[in-house]
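Inspection log for the structure reproduced underneath, given as structure tokens.
The values are calculated or read from the model by the stated rules, or taken from the named source; none is laboratory data. Here the structure is a predicted model, which means the values were calculated and not measured. Virtual Cβ from ideal backbone geometry, glycine too; neighbours counted across all protein chains shown. Only protein heavy atoms, including side chains, enter the accessible area calculation; ligands, DNA and RNA are left aside. Shrake-Rupley method; radii C 1.70, N 1.55, O 1.52, S 1.80 Å.
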Amino acid sequence: MKTIIKNGTVVTASDTFKADVLIEDGKVSLIGQNLPSEGAEVIDAAGMLLMPGGIDPHTHLDMPFGGTTTTDDFYTGQTAAAFGGTTCHVDFALQQKGQTLKQGVEMWQEKAEGKTIIDYGFHVAITDPTEASINEIPSLVDIGVSSLKVFQAYKGAFMVDDTALYKAMEKARDADIMLMTHSENGDAIALLTEQLVAAGKLDPGYHLDAHPREIEGEASARAIALSAVTGAKLYIVHMSCSDSIAQMALGRDRGYNVMGETCTQYMFKFEEDMRVPGYEGAKWACGPPVRTPEDAEFIWESLRNTTLQTVATDHCSFNYEGGVDGKLPGKELGKDGWHKIPNGIPGIEDRMPVMYHNGVNSGKISLNRFVAITSTNAAKAMGMYPQKGTIAIGSDADIVVWDPNKEHTISAKTHHMNVDYNAYEGMQVKGMPVRTIIRGTTVVDNGKLCVEKGFGKYVNRKNPVIV
Ligand code: DUC
Ligand code: ZN
Ligand code: ZN
């Protein structure tokens, strides 16, 4: 099966050039000028950009959390991703108490089974750090898992102490696994939560007071220091503010093996959105919390100057008005106390258009930097490069045909995510995917899903690199 994409402009993390792209057996086989098209399906991409499909390194599909479960399963979440130009994601398999790490992965594989639309992998989150679990870490590479998550927050649920973090880092270092942290000080959050609730401070805005920026900075510094001492590769997820990102800059200046991710919402949702009167602020409860417009500017600059290297979504969807009409319970769970709001913001569909419009069109980042932070760097950090994350001979033909002039207004009324609100509601963007191709097969074409459930494939990952 041959396909040729003609007349487009190829954009990678380093180059922009006009070329035809030939695809054979799901892989890019030739890139060049005026390639012959005999025997091939021809896609005319005149006026279009051809970019590596987006890679979202941080999602939570079908995840039990906060007394409910995220509303997007692997079918709805991955379908939405494909409509937004994302061709691959890495989801978090959470080890349950008493489980082995492998059983955690198997549990998530079952959730994905028969529902997939795009390619995917799993990080494992170690939440029950027994000696057996710690000793199991090196064997994760045998099942294609090259990243391990440790929570420094969510005391009493996912959090592990510094002894476990340190030991996990040693094992990850020896097995060449990327150690990822959710860096906030979980002890401080637990105490602040107790005090705020006891004082009757129950509105959604108090979520912010329980998650001060300083403790994200402190936990990030701690993880970076332990990475420096152990030599483990460290990837800090969802960095939200200047306090933590400044620590990342310092660690990278010192030559430590550390890198940082941010998420789209931290550039567009702010504390003031959470402190509105009434309950609306619950929509933006996530951990770490949304911060300030000044932090957003700091994030843009850190993405530009390479202190931060990836933009993910932390896609974690809960309905604003859940628990009715057969819908899973959602944000309404916290109506009598912010501490019961399930944390999370949806966005798997919107990351690419939102970042393109606000980053590239505004001149904040170059087109090549856009590709780097939405695809290539995640592929490298997660051990998928060059199979994924670039357009090159021999790579999977995961290509998004992008119309730089197509305009779209983002809305929950038209999005494909299974959730009743959208963080970017009403945002008018210019630049949209018009065709999403995975392994040479068109998955979405001009607003139409073209593959059946089960199309997406598990990606075996290895040899992650710090970018
Ligand atoms: N943060 C969220 O907002 N949701 C899921 C988990 C997390 O760390
Ligand atoms: Zn997290
Ligand atoms: Zn997360």
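Structure notes:
- Qualifying helices (runs of 4 or more DSSP H) (wholly inside the range 346-442; at least 3 residues being assigned by TED's automatic domain parsing to the domain that holds Gly84, within 30 Å of Glu280 (Cβ to Cβ) and modelled with pLDDT of 95 or more): 351-355
- When Ile215, Ile245 are screened for being farther than 21 Å from Glu301 by Cβ and either open to solvent by less than 40 Å² (accessible area, probe 1.4 Å) or within 16 Å of ligand 3 (Cβ to nearest atom) (or both), only Ile215 passes.
- Thr86 vs. criteria buried (at least 24 other Cβ atoms within 10 Å of the Cβ), touching a Ser or Thr at 6+ places or on another chain (Cβ under 6 Å) and in the same structural domain as Trp108 (by TED's automatic domain parsing): no
- Hey, Gly77 within 15 Å of the chain's Cα centre (by Cα) and not in a loop (DSSP other than H, G, I, E, B) or not: yes
- Filter pass, Pro138 being surrounded by fewer than 23 Cβ atoms within 10 Å (Cβ to Cβ), assigned to a loop (DSSP other than H, G, I, E, B) and assigned by TED's automatic domain parsing to the domain that holds Gly330: no
- Restricting attention to the range 5-53, the residues being part of a strand (DSSP E or B) and either aliphatic (A, V, I, L, M) or touching an Asp or Glu at 6+ places or on another chain (Cβ under 9 Å) (or both) number 21.
- Selection status of Arg222, open to solvent by 30 Å² or more (accessible area, probe 1.4 Å), without any contact (Cβ under 8 Å) to a residue 60 or more places away in the chain and not β-branched (Val, Ile, Thr): no
- Selection within the range 269-301 - assigned to a loop (DSSP other than H, G, I, E, B) and of a type in the set (Gly, Ala, Ser): Gly278, Ala285, Gly287
- Scanning the range 1-18 for residues that are free of Cβ contacts under 8 Å to residues at least 12 places away in the same chain and open to solvent by less than 10 Å² (accessible area, probe 1.4 Å) yields no hits at all.
- Pairing each residue of the range 277-288 that is at positive phi with any residue that is more than 16 Å from ligand 3 (Cβ to nearest atom), provided the two are 6+ apart or on different chains, yields C-beta distances under 9 Å for Gly278/Asp203; Gly278/Pro204.
- Filtered residue count, the range 80-108, keeping only those that are in a strand (DSSP E or B) and more than 28 Å from Ser14 (Cα to Cα): 3
- Residues located in the range 112-127, provided they are buried (at least 18 other Cβ atoms within 10 Å of the Cβ) and not in a strand (DSSP E or B): Ala112, Lys115, Thr116, Ile117, Ile118, Ile126, Thr127
- Selection within the range 47-56: residues that are within 19 Å of Asp396 (Cβ to Cβ) and away from ligand 2 (no atom under 16 Å from the Cβ). The member of this set that is surrounded by the fewest Cβ atoms within 10 Å (Cβ to Cβ) is Leu49.
- Search result, residues across the range 19-46 that are of a type in the set (Asp, Glu) and surrounded by fewer than 20 Cβ atoms within 10 Å (Cβ to Cβ): Glu24, Asp25, Glu38, Glu41, Asp44
- Any hit, the range 57-74, residues being among the aromatic types (Phe, Trp, Tyr), open to solvent by 10 Å² or more (accessible area, probe 1.4 Å) and either part of a loop (DSSP other than H, G, I, E, B) or more than 16 Å from ligand 2 (Cβ to nearest atom) (or both): no
- Residues of the range 151-195 that turn out to be in a helix (DSSP H, G or I), more than 16 Å from ligand 1 (Cβ to nearest atom), buried (at least 19 other Cβ atoms within 10 Å of the Cβ) and not charged (D, E, K, R), as a count: 3
- Residue match in the range 317-337 (condition: under 18 Å from the mean Cα position of the chain (by Cα) and either within 16 Å of ligand 1 (Cβ to nearest atom) or crowded, with 24+ Cβ neighbours inside 10 Å (or both)): yes
- Only one of the numbered conditions (1) touching a Phe, Trp or Tyr at 6+ places or on another chain (Cβ under 6 Å); (2) β-branched (Val, Ile, Thr); (3) closer than 21 Å to Tyr235 by Cα is violated by Ile134, and that is (1).
- Filter result (part of a helix (DSSP H, G or I) and open to solvent by 50 Å² or more (accessible area, probe 1.4 Å)) within the range 196-210: Ala198, Tyr206, Asp209
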